[in-house]
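To keep things clear, I will list the structure first and then write my remarks on it.
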Amino acid sequence: MLAGRGADLHLGLLIMAAGQWDVATWLVDTLPDGEPQLHWDVAFFALAKRGAPLALLQRLHERRGTAVDRVAMADGGSSNDALAWADERLAAGARGGLGLDPAVETDSPHWVEAQLLRAC
């Protein structure tokens, strides 16, 4: 059902699931492969800024190969354990964050739209 709706819907659904972490985890596991990498990286940024639990960020990174955005994690109030995980992944060669401004308001549909246009 979701596979026919396009990558823009997928990113939007995942970001809108923030706070409903079981739903977000389900989306990470079930959305189709082949999404632009930038979409997954933007999702990591947005979910980390909204305080996603470490287990979800780990799953997003491991399953979808996202960049690890430590700045967004810190801004979202991640625990010291979560930040230590980010440090370990980055030291092991994981790609760092996208360099997005952590002060942006990721709840805005315009922000999501702008990130999608950037991916094109």
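Figures for the structure shown
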read-out: Which numbered condition A103 fails, given (1) in contact with a helix residue (DSSP H, G or I) (Cβ under 9 Å, 6 or more places away or on another chain); (2) open to solvent by 40 Å² or more (accessible area, probe 1.4 Å); (3) not in a loop (DSSP other than H, G, I, E, B); value: (3)
read-out: Meets criteria (in contact with a Lys or Arg (Cβ under 9 Å, 6 or more places away or on another chain), in a helix (DSSP H, G or I) and open to solvent by 60 Å² or more (accessible area, probe 1.4 Å)) for D87; value: yes
read-out: Within the stretch 1-29, considering residues that are at pLDDT below 90 and not aliphatic (A, V, I, L, M), the one nearest to D75 (Cα to Cα); value: G19
read-out: The one condition in (1) farther than 21 Å from Q20 by Cα; (2) in contact with a Phe, Trp or Tyr (Cβ under 7 Å, 6 or more places away or on another chain); (3) not polar (S, T, N, Q) that D69 fails to fulfil; value: (1)
read-out: Matching residues in the stretch 25-54 - criterion: being surrounded by 24 or more Cβ atoms within 10 Å (Cβ to Cβ) and small (G, A, S); value: A43, A46, A48, A52
read-out: Looking only at the stretch 69-84, and only at residues there that are part of a helix (DSSP H, G or I), within 15 Å of F44 (Cα to Cα) and charged (D, E, K, R), the one that is modelled with the lowest pLDDT; value: D75
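The values are calculated or read from the model by the stated rules, or taken from the named source; none is laboratory data. Since we're looking at a predicted model, the values are computed, not measured. In this analysis, Cβ positions are derived from the backbone assuming ideal geometry, glycine residues included, and neighbour counts consider all displayed protein chains. SASA here: full protein model, heavy atoms, side chains in, ligands and nucleic acids out. Shrake-Rupley method; radii C 1.70, N 1.55, O 1.52, S 1.80 Å.
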